[in-house]
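What follows is one structure encoded as structure tokens, with my remarks underneath.
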Amino acid sequence: MDEADRAALIRIADGELAALEELYDRYKTMAYSIAYRITNDATLAEDVVQDAFLGAWRNAARYVAGRGSVKTWLLSIVHHRAIDAVRRRRPTTELPEVETAMPAALTLPDVWAEVSASLDAETVRSALETLSDVQREALELAYFGGLTQGEIAERTGAPLGTVKSRMRLGLLSMRRTLEMGST
Amino acid sequence: MSGLDSVRELTCDEVREMAGAFVLGALDIQDEAAIRAHLETCADPHAEMAELGGVVAAFAETVPMVEPPERLKGRIMAAAAADLETRSEATADAEGVPTTPLAFPSAAERAARRPRPSTGTWILRIAAVLAIALLGGWNLLLQNDLSVARSYEQNVAAVLDAAAQPGSLTAILTADGGTGSGLAAVDAEGNVTMAMRNLAPTSGTAVYEAWVIGGDGVPVPLGGFQVGQGGTASFRASGLPSSSGIVLALTLEPGPGATTPTLPIISKGVASAAG
């Protein structure tokens with residue numbers, strides 16, 4: 001699938017609308033589901049998905065194949081746009097004045113590609129269940145709630161340093177669980 | 001203040017401590033800028049970023065699936081088409097050459113022979129030339145289809161009249177996902193006059209729907225029309241934004257009253273100042 005995605009992305013970089021349509025048809029449900037889960041607003045979710053696919057349309061040439069799958073790249077754009085949209089609804093949150101490039105760290109390293117390709121909802125949910133309640137809470141508030149680490153500290157009453165640790169250790173623990181499950 | 005004016009320096013340990021929040025997008029703008037600045041210059045590759053970043057992508061798998069509304073695809077494709085059109089225009093402008101060869105100058109003069117206000121400028125003359133070149137009037141004449149040729153000539157003349165008004169915009173519509181091409185003018189009051197040729201004839205309840213796409217990328221329906229065997233059509237509508245850069249587009253719809261475009265776009269063009 002990723003080979004087909006990459007071929008589509010090359011065609012998108014060449015300005016081929018049919019390739020964008022192809023990519024949209026393949027990932028529309030997942031993209032919209034992420035946007036809807038985060039924004040909890042059907043209209044806003046539509047705007048987020050439109051914004052994300054247009055971002056992919058305009059920046060297809062910047063995708064770096066060696067760093068991970070097109071699916072991950074695309075869905076991380078959706079996630080970031082959805083978080084931005086949620087934060088715009090919170091007037092106290094400062095947003096960047098200009099859009100910054102996607103962090104390279106959000107794309108998958110090759111070593112992880114095989115694991116991620118075999119992931120499904122049940123596997124990931126099981127891995128989440130292995131975390132402590134406070135680790136899982138911190139990760140979910142960040143990923144689905146769009147909260148910053150400071151806001152999570154405020155919400156949960158935990159010191160900022162503790163929240164940082166919960167997020168880092170929670171992700172590490174999930175990775176190990178998922179890697180073990182794939183072998 | 002953007003928050004980027006005072007990027008603080010971080011140690012590698014501080015970056016590692018915030019790696020989880022960074023890949024989750026859970027940093028405020030100052031901390032995120034500080035980490036980006038550190039990663040750009042640090043000799044340490046900070047492998048923890050890639051290590052944790054991959055896991056974040058897995059969260060997407062846990063989301064309950066919800067189907068997007070059908071109209072969303074039309075919105076995205078129309079916005080991408082408009083973006084593509086804008087890119088093409090920008091490229092042409094940057095190169096400083098006309099997008100279409102200016103052939104048959106004497107024919108242009110004849111095409112624009114109807115009395116017009118004296119505000120006609122070079123762009124109008126170019127529009128007339130393009131009308132001849134793109135609408136293929138001479139081809140129609142050669143096909144001995146005089147009634148079709150006259151019909152299109154009248155339609156083009158109406159567009160040129162509108163284009164000659166102060167503050168008007170003109171757009172050359174070229175075939176995209178179909179065969180139609182033509183010319184349109186939008187006057188300062190937001191009234192559009194469009195002349196099209198070489199459209200496939202409609203049948204049954206099918207109509208060609210005209211759309212305007214503004215800066216927000218959302219296509220707004222202007223109304224529909226049917227096309228006979230001759231393939232030519234004229235169309236008028238009002239209430240358009242009279243701002244340079246709007247995109248005019250045509251789609252073929254199964255019936256009148258479409259609220260979202262059915263792809264592919266048959267023909268489209270960007271409106272720009274007539275001079």
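The values are calculated or read from the model by the stated rules, or taken from the named source; none is laboratory data. None of the values given here were measured: they were computed from a predicted structure. Here Cβ is always computed from backbone atoms with ideal geometry, including for glycine, and neighbour counts include all displayed protein chains.
Of (1) under 15 Å from the mean Cα position of the chain (by Cα); (2) in a loop (DSSP other than H, G, I, E, B), B:Ile266 satisfies all except one. Which?
Unmet condition: (2).
Within the stretch B:4-12, is even one residue of a type outside the set (S, T, N, Q), surrounded by 13 or more Cβ atoms within 10 Å (Cβ to Cβ) and free of Cβ contacts under 8 Å to residues at least 12 places away in the same chain?
Within the stretch B:4-12, none of the residues are of a type outside the set (S, T, N, Q), surrounded by 13 or more Cβ atoms within 10 Å (Cβ to Cβ) and free of Cβ contacts under 8 Å to residues at least 12 places away in the same chain.
Give the residues of the stretch B:208-225 that are under 13 Å from the mean Cα position of the chain (by Cα) and either in a strand (DSSP E or B) or without any contact (Cβ under 8 Å) to a residue 60 or more places away in the chain (or both), sorted by residue number.
Within the stretch B:208-225, B:Ala210, B:Trp211, B:Val212, B:Ile213, B:Gly214, B:Gly215, B:Asp216, B:Pro219, B:Val220 meet the criteria.
Taking the stretch A:1-46 only, how many residues are touching a Phe, Trp or Tyr at 6+ places or on another chain (Cβ under 8 Å), within 21 Å of A:Tyr143 (Cβ to Cβ) and among the hydrophobic types (A, V, I, L, M, F, W, C)?
Counting residues in the stretch A:1-46 that are touching a Phe, Trp or Tyr at 6+ places or on another chain (Cβ under 8 Å), within 21 Å of A:Tyr143 (Cβ to Cβ) and among the hydrophobic types (A, V, I, L, M, F, W, C) gives 4.
Could you run through the stretch B:68-80 and say how many residues are in a helix (DSSP H, G or I) and within 7 Å of chain A (Cβ to nearest Cβ)?
Result for the stretch B:68-80: 7.
Please go through (1) more than 7 Å from every other protein chain (Cβ to nearest Cβ); (2) assigned to a loop (DSSP other than H, G, I, E, B) for B:Met65 and return the number of the only condition it doesn't satisfy.
Among (1) more than 7 Å from every other protein chain (Cβ to nearest Cβ); (2) assigned to a loop (DSSP other than H, G, I, E, B), B:Met65 violates only (1).
Go through the stretch A:157-183 and give me each residue that's more than 19 Å from B:Phe22 (Cβ to Cβ) and either part of a helix (DSSP H, G or I) or facing another protein chain (nearest Cβ under 8 Å) (or both).
A:Arg176, A:Thr177, A:Leu178, A:Glu179, A:Met180, A:Gly181, A:Ser182, listed by residue number.
Quick one: in the stretch B:169-191, of everything that is touching a Gly at 6+ places or on another chain (Cβ under 6 Å) and part of a loop (DSSP other than H, G, I, E, B), which residue is farthest from B:Ala81 (Cα to Cα)?
This residue is B:Ala188.
Taking the stretch A:116-140 as the region of interest, how many residues are under 20 Å from the mean Cα position of the chain (by Cα) and either more than 8 Å from chain B (Cβ to nearest Cβ) or at positive phi (or both)?
Qualifying residue count, the stretch A:116-140: 11.
Can you tell me which residue within the stretch B:29-50, out of those that are in contact (Cβ under 8 Å) with a residue 24 or more places away in the chain and either of a type in the set (Ser, Thr, Tyr) or part of a loop (DSSP other than H, G, I, E, B) (or both), is nearest to the other protein chains (Cβ to nearest Cβ)?
B:His46
Within the stretch A:65-80, can one find any residue that is modelled with pLDDT under 90 and in a loop (DSSP other than H, G, I, E, B)?
Yes, the conditions are met somewhere in the stretch A:65-80.
Within the group A:Asp5, A:Asp41, which residue is buried (at least 17 other Cβ atoms within 10 Å of the Cβ) and of a type outside the set (A, V, I, L, M, F, W, C)?
Going through A:Asp5, A:Asp41 in turn, just one is buried (at least 17 other Cβ atoms within 10 Å of the Cβ) and of a type outside the set (A, V, I, L, M, F, W, C): A:Asp5.
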